[in-house]
Amino acid sequence: MRTSPDLGAFAQGAAQSAADVLSRLRAKSPRVHCITNSVAQNFTANVLLAVGAQPSMTIAPEEIGHFAGGADALLVNLGTFDRERAEAVDIAVAAAVAAQRPWVLDPVLIDRSPPRAALARDLLKRRPAALRLNAAEFVAVGGKADAAATRDFAAAHSTVVALSGATDLVADGGRVAALANGHPLMARITAMGCASSALVAACLAVESDPFVASVAGMLILGVAGEIAGENAAGPGGLAVSILDSLYRLDPATLAARAKVS
Amino acid sequence: MRTSPDLGAFAQGAAQSAADVLSRLRAKSPRVHCITNSVAQNFTANVLLAVGAQPSMTIAPEEIGHFAGGADALLVNLGTFDRERAEAVDIAVAAAVAAQRPWVLDPVLIDRSPPRAALARDLLKRRPAALRLNAAEFVAVGGKADAAATRDFAAAHSTVVALSGATDLVADGGRVAALANGHPLMARITAMGCASSALVAACLAVESDPFVASVAGMLILGVAGEIAGENAAGPGGLAVSILDSLYRLDPATLAARAKVS
Amino acid sequence: MRTSPDLGAFAQGAAQSAADVLSRLRAKSPRVHCITNSVAQNFTANVLLAVGAQPSMTIAPEEIGHFAGGADALLVNLGTFDRERAEAVDIAVAAAVAAQRPWVLDPVLIDRSPPRAALARDLLKRRPAALRLNAAEFVAVGGKADAAATRDFAAAHSTVVALSGATDLVADGGRVAALANGHPLMARITAMGCASSALVAACLAVESDPFVASVAGMLILGVAGEIAGENAAGPGGLAVSILDSLYRLDPATLAARAKVS
């Protein structure tokens, strides 16, 4: 989605930038601390390992400061949210901010739970580098799923919005990219959105421009899913093959298959 | 297992009824809220997504009322049971009852834990639409794994008993069906019983007769497992293929392969 | 690694001993209670089921004594450690000791968390039959990853040390074995180390010499992983195939492929 000639030029370069981010992920193997729901933990850890990052997952308040402060990036996912996790998030975000590490907010299913939506709105004020969510969740924090409104929301909250859908939208206050990779079976596997948030966090660890990092994270999963979906008999096969695709994905293939506009 | 000519006629129609339930599952995509153990969460969510339902899994007391009250059915699984889950169950069952939604009780491993068995007996008094369990667990709530005793137990507790085994038994106060689908490798994958309970809950969301819904849920998993087991090299392959089989299972195949008596 | 002619003779017999342990695992189907992190629970349960053991996983303080005391072995894994788990560990270890059941300590990522490392040192005083960990974790409890230091540490703590790495080291106060099976992709799947600890616990349930049991548990996973890795397209495929390999592994293949020195 070109919003000006300059942004169009950016979009054309985005595929190559994503390939560069993937190369750095492989070379640096960043640590990503993930506060995520118990449904998603195993798949998220395997997605990070497949792409070359190192996951950790504790949520214990006594020790999460050690993990989050020592990691290269932090993921805060609000799925299956309980009291201990709320306390852990507070400590972990403070530790990440103190250590100047980027963090990603993934406000899972806040459209179904008013207390969880209220927590998400509070966390947005603490300036995550990126907000990764779907359209219903975006509406629940006051957003609207079109390009202009997404950019305005990103500007107002000093963050990058990475909006998942049939076509993904990624926006900061000035730039918007539409990403058209992926496969319909990806919606039939739990924690796929959570995994994309974890990949965005991993990319933020090796790329200082949060917009470029967010585009890269979304593209890496979209292209790997597209490749995995080509031969999958169903969602079970896809969930296995996407880990293999992430592991085998090379930067040149990522750049060649990326559908960015 | 025909207990009278009329019930025999019912059993012959059960395969077609299950196929009709599967069609409605695909068309309506019901939401199923699952309070289940952390071992089973990921597989259970993927089983529900594969068959066309929408899972949610939170157990936080602050928000579970929102999720359970807004869902089309509720699953209460007692595996890895902790204090927070006990509180969540109490709130969720109240919300489901208030919203007139069906709920399923799966009293995992109560035969090994007296406090968990006591909780299961209390929950039975709150009238789950179905009780899905194995023979050892059934004994621990006072049941006995034969057709007549199962029917009596169902009558006394105003529920449907869905008893898993080499042959599954499903009974309400009047009807009993024996289901002979499945594959031996299904016993070598954790959370397979939990997944069958989740499928029963999904079927209850689209079928008002709890006996028909329970038979359908058990048959869907049994037939999908049987198909998956035909080419599986072992339990790992089966766990993947069963998701693909659930996704691809069509009502006609379900009706043709169902072994009901 | 032969440390004397007698120990060399032992090492030569270790492959056959491991095969005998595997036969007993299949015949006796021991119950293993696992206190493990929520990332690892599902894979650990499936690994135990694949090899023929029966897992249980609760961490609720109210009931863990019933589970741990009734099991044939106990696994204590410190990953994603929270308050409830700490309380559960205390009760479970006491129940295992009272019932004279062996238990395994797996101090996951204690190198990154001082409070977790302190807990691990306290637990070591309660004499686990085996301590399964990697080099960084071993350093965090005061060990050093070479054969002589590992043996000294095992002697000082009256335990067996099973140290994972490119080559695994297993030592008690007198004996040391180096195990060279495995596959590089195993490091790209979360919970593989946790699963090896669970297998050591399962072997302890059927073998009274903790050194022999620990060697057997490490070899079973190493050989199964090696077989699975031969045809895996990536880590996703490996995670599936390793369950199939564990299920299909026969004692003669284990003895023939074991690389012990």
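So if each residue of separation counts as 0.36 nm, and I subtract the Cα-Cα distance between A:ALA156 and A:ARG126, what length gain in nm does that give?
Taking 0.36 nm per residue and subtracting the Cα distance, the gain is 9.5 nm.
How many angstrom lie between the Cα centre of region B:76-99 and the Cα centre of region C:84-149?
Using only Cα atoms, the two centres lie 34 Å from each other.
How crowded by other chains is C:189-202, given as the mean number of beta carbons from other chains within 10 Å of each beta carbon?
Partner Cβ neighbours, averaged per residue: 2.
Could you work out the relative contact order of region B:48-163? I mean the mean sequence separation of Cα pairs under 8 Å and 6+ apart, divided by the number of residues, in percent.
20 percent
With charges only on Cβ, +1 for K and R and -1 for D and E, what is the dipole size of the protein assembly as shown about its Cα centre, in debye, rounded to 20?
I would put it at about 180 debye.
If you build the Cα gyration tensor of region A:1-151 and take the root of 5 times each eigenvalue, what three semi-axes come out, in whole angstrom, biggest first?
Semi-axes from the Cα gyration tensor: 26, 22, 14 Å.
About the Cα centre of chain A, what is the dipole size in debye to 20, counting +1 per Lys and Arg Cβ and -1 per Asp and Glu Cβ, all else neutral?
For chain A, the charge dipole is close to 200 debye.
Pull up the DSSP beta bridges for region A:5-257 and report the antiparallel fraction as a percent, rounded to 5.
30 percent
Could you run the Debye sum over the Cα atoms of the protein assembly as shown, one equal point scatterer each and no solvent, and tell me log10 of I(q)/I(0) at q = 0.09 Å⁻¹, two decimals?
Here log10 of I(q) over I(0) equals -0.82.
From the Cα gyration tensor of region A:76-141, with a ≥ b ≥ c the square roots of its eigenvalues, which class applies: rounded if a/c is under 1.5, or else prolate if a/b is larger than b/c, or else oblate?
Oblate shape, in that a/c is at least 1.5 and b/c is the bigger or equal ratio.
Once Lys and Arg get +1 and Asp and Glu get -1 on their Cβ, which of B:LEU243, B:VAL206, B:LEU185 lies farthest toward the positive end of the dipole of region B:130-253?
Sorting the options by dipole projection puts first B:LEU185.
Rule-of-thumb check for region A:21-76: C-alpha Rg over 2.2 N^0.38 Å?
Taking the Cα Rg and dividing by 2.2 N^0.38 Å, one obtains 1.11.
With a cap of 16 neighbouring Cβ atoms within 10 Å, and only residues DSSP puts in a loop, list the trypsin sites (Lys or Arg not before Pro) found in region A:229-261.
Filter output for region A:229-261: A:LYS259.
Farthest toward the dipole's positive end in region A:106-237, which of A:ILE227, A:VAL141, A:GLY173, given Cβ charges of +1 (Lys, Arg) and -1 (Asp, Glu) about the Cα centre?
A:VAL141
Below 8 Å between Cα atoms, with a sequence gap of 6+, how large is the relative contact order for region A:5-257 in percent?
Once divided by the residue count of region A:5-257, the mean separation gives 23 percent.
For chain C, what log10 I(q)/I(0) values come out of the Debye formula at q = 0.08 1/Å, with one point per alpha carbon and no solvent?
Each listed q corresponds, in turn, to -0.26.
Have a look at the DSSP beta bridges in the protein assembly as shown and tell me what percent are antiparallel, nearest 5.
30 percent
Given only helices, namely DSSP H runs of n ≥ 4 each adding -39500 (n - 2.57), what is the per-residue ellipticity at 222 nm of chain A, to the nearest 500 deg cm²/dmol?
Per the formula, -17500 deg cm²/dmol.
Percent antiparallel among DSSP beta bridges with both residues in region C:111-207, to the nearest 5?
Roughly 60 percent of the DSSP beta bridges within region C:111-207 come out antiparallel.
Out of C:ALA202, C:ALA135, C:ALA53, any idea which swings most in a Gaussian network model of chain C, alpha carbons joined below 10 Å?
Of the options given, C:ALA135 has the highest mean-square fluctuation.
Values in this text are rule-based calculations from the coordinates and carry no lab data. In this text, all values refer to a predicted model and were calculated from it rather than measured experimentally. Positions of Cβ are generated from backbone atoms using ideal geometry, with glycine treated the same way; all protein chains shown enter the neighbour counts.
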